[in-house]
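The values are calculated or read from the model by the stated rules, or taken from the named source; none is laboratory data. It should be emphasised that the depicted structure is a prediction, and the values quoted were computed from it without experimental measurement. Every residue, glycine among them, receives a Cβ derived from its backbone with ideal geometry; neighbour counts consider all protein chains shown. Heads up: the accessible areas ignore ligands, DNA and RNA and are worked out on the full protein's heavy atoms, side chains in. Shrake-Rupley method; radii C 1.70, N 1.55, O 1.52, S 1.80 Å.
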Amino acid sequence: RAKQLTEQARAQVARLLSAGTSEIVFTSGGTEANHLALLGTLGASPGKRHIVTSAVEHPSTLDLLAQLETQGVRVTRLPVDSEGRLDSMTLERALTPDTALLSLMWANNETGVLFPIEEAARIAKSKGVLFHTDAVQAAGKHSIDLARIPADLLSLSGHKLHAPKGV
């Protein structure tokens with residue numbers, strides 16, 4: 001019965017995101033999902049040691065990246081303007097052949113600013129860089145259509161969608 005309910009939940013999440021059920025991986029929450037995205041990408045791309053992110057990411061991302069820097073990973077933190085927006089040209093210039101991942105939050109958890117995720121994903125794809133978005137604050141408030149947005153990795157937290165904490 002537990003397996004049946006888990007698969008039912010997987011199908012519901014897949015429908016929410018316009019994704020396939022095989023693309024849904026359950027973790028204990030947003031922090032673990034973000035860590036899996038960052039560490040998994042580095043592990044799958046051993047020749048690439050650069051990650052690009054914004055200076056205003058959630059601490060679950062920024063704290064891990066600070067730790068990874070002590071292990072030789074190069075991190076570029078993109079600045080935001082006075083209204084919390086990213087400059088697309090600066091983002092594009094930050095991506096190099098050594099970049100393993102571009103990781104940006106969809107909606108800022110403190111300011112509510114929405115980053116241009118679709119554009120960022122397309123820029124990453126054009127440079128051959130994997131793209132991750134922390135969509136914890138966006139889920140349920142903004143349409144997330146992975147059939148339209150070429151994100152490789154996306155983090156959610158179930159409790160933001162009325163699931164129990166730790167899902």
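Take the Cα of ARG15, step 7 Å toward its Cβ, do the same at GLU32, and the gap between the two points is 2.5 nm. The smallest convex shape that holds all Cα atoms of segment 9-121, its convex hull, gives 121 Å³ per residue.
A 1.4 Å probe, protein heavy atoms only, puts the accessible area of LEU153 near 60 Å². With contributions of -39500 (n - 2.57) from each DSSP H run of at least four residues, the per-residue ellipticity at 222 nm computed over the chain stands at -11000 deg cm²/dmol. Considering only DSSP beta bridges where both residues belong to the chain, give the percentage that are antiparallel (nearest 5). Just about 5 percent of them are antiparallel. Note on segment 88-167: Cα convex hull, mean projected area over all directions, 5.8 nm². Rounded to the nearest 20 debye, the dipole magnitude of segment 9-88 is 300 debye, with +1 charges on Lys and Arg beta carbons, -1 on Asp and Glu beta carbons, and the Cα centre as origin.
Taken along the Cα-to-beta-carbon direction at a fixed 7 Å, the label points for ALA44 and GLU92 span 2.6 nm.
Specify the inter-centroid distance of segment 36-109 and segment 123-164, based on alpha-carbon positions, in whole Å. Value for the Cα centre distance between the two parts: 15 Å. With r defined as the distance between the Cβ atoms of SER82 and ARG122 and R0 fixed at 25 Å, what FRET efficiency is calculated, to the nearest 0.05? So the FRET efficiency works out to roughly 0.45. Can you pull the percent of segment 1-135's accessible area that's carbon plus sulfur, 1.4 Å probe, other chains left in place? The computed percentage sits at 54.
Label-to-label distance, ASP145 versus ARG74, with points set 7 angstrom from Cα along the beta-carbon direction: 3.7 nm. Given DSSP loops and a limit of at most 14 other Cβ atoms within 10 Å, what is the longest stretch of the chain that contains no such GluC sites (Glu not before Pro)? That would be 1-82. Rolling a 1.4 Å probe over the protein heavy atoms gives the chain an accessible area of 52 Å² per residue.
The value of relative contact order for the chain, using C-alpha pairs under 8 Å at least six residues apart, is 24 percent. Over segment 123-167, the fraction of Cα-Cα pairs per 10 Å bin, rounded to whole percents and listed from the shortest bin up, is 25, 46, 23, 5. Evaluated with a Cβ-only charge set (Lys, Arg +1; Asp, Glu -1), the chain carries a dipole of roughly 480 debye about its Cα centre, given to the nearest 20.
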